[in-house]
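First up is the structure itself, then whatever we jot down about it.
The values are calculated or read from the model by the stated rules, or taken from the named source; none is laboratory data. Just so it is clear, the structure is predicted and the values come from calculations on it, not from any experiment. Cβ: placed from backbone, ideal geometry, glycine included. Neighbour counts: every protein chain shown. All accessible areas refer to the heavy atoms of the entire protein, side chains included, with ligands and DNA or RNA removed. Shrake-Rupley method; radii C 1.70, N 1.55, O 1.52, S 1.80 Å.
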Amino acid sequence: MNWGMENRLARIIKPADKRAVMLAVDHGYFLGPTSGLEDPRQTIEPLIPHADSIMLTRGVLRTSVDPNFDKPVVLRVSGGASILKELSNEDITVSIDDCIRLNVSAMALSIFVGSEFEKETLVSLAKLVDEGEKYGIPVLAVTAVGKDMARDVRYLGLACRIAAELGAHIVKTYYCDEFEQLIESCPIPVIVAGGKKTPELEALELTYNSVKGGAVGVDMGRNIFQSDCPVGMIQAVRAIVHDNVSVKEAYKIYEGAKGASAKRAAG
Ligand code: R5P
């Protein structure tokens, strides 16, 4: 048993219910100043208390997060491509030494199965796992599939299984039809990405279906920080993941917070 590895994983996936709410704010690494994240500190500060962990780049961690905060960091360590070029052309962008200095609880890297640089990203994953194993730092693999490939159980299931086979400790993917099948064929914990902004009710349904289907939780970004009430939204997501509330109950939490913040604004 690797005690450090187990301990770090337990900070991300809460042992009490084996569930996790991860706040994703790493989008700038290929999207630049994403809507809602123009000032990362302003976006992140009110949301941190409601997340179990936060996923971001080292640049935003250093510049926009108070080192006194007590939440585990999932550090994005892959990149090298922008939205203007071939996205799969990524490499490892952070050394293990810096991950240790930054006291990260996990390292996140994207794999692009079916894309031009599939092999390179898969080999990077394997190398990162080797580094992580040396120091007890888990690796979260983020699955992306080729541009022309459907985000369905066949391709996402393939990507998740490959991530697990190469040694990833957690895998992040998209929710899809027949999601339970993906979960059954993946021997490591699966966390679901929120994806593009959708109406709040839909994002809560996605959260509910993901945990019901066997995911440990969600790693959600845009559907939280681009919401008209980000704090209400993360509270609602959290209630589904950790308190097993229904979508209807969760939506009420979001609406309640939105109403309260409108009242405060009105003075
Ligand atoms: C994508 O590669 C990034 O890692 C995001 O963290 C991920 O997509 C989750 O964010 P969102 O919920 O906005 O999709």
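Observations, loosely collected:
For every residue, the table says whether it meets (1) over 30 Å from I253 (Cβ atoms); (2) within 15 Å of the ligand (Cβ to nearest atom); (3) touching a helix residue (DSSP H, G or I) at 6+ places or on another chain (Cβ under 7 Å).
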position	(1), (2), (3)
K134	yes, no, no
V145	yes, yes, yes
A159	yes, yes, no
T173	no, yes, yes
E180	no, no, no
G194	no, yes, yes
P199	no, yes, no
G214	no, no, yes
V218	no, yes, yes
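- Taking first residues from the stretch 200-226 that are in contact (Cβ under 8 Å) with a residue 24 or more places away in the chain and open to solvent by 20 Å² or more (accessible area, probe 1.4 Å) and partners that are among the small types (G, A, S) and near the ligand (Cβ under 8 Å from one of its atoms), the Cβ contacts under 9 Å between residues at least 6 apart in sequence or on separate chains come to L206/G194; L206/G195; R222/A24; R222/G194; R222/G195.
- Scanning the stretch 110-127 for residues that are in contact (Cβ under 8 Å) with a residue 24 or more places away in the chain and out of contact with any Gly (no Cβ under 9 Å at 6 or more places or on another chain) yields a total of 7.
- Residue within the stretch 55-62 that is open to solvent by less than 10 Å² (accessible area, probe 1.4 Å) and either more than 26 Å from L9 (Cα to Cα) or assigned to a strand (DSSP E or B) (or both) present: yes
- Residue in the stretch 230-247 that is of a type in the set (V, I, T), outside any helix (DSSP H, G or I), farther than 22 Å from D39 by Cβ and free of Cβ contacts under 8 Å to residues at least 24 places away in the same chain present: yes
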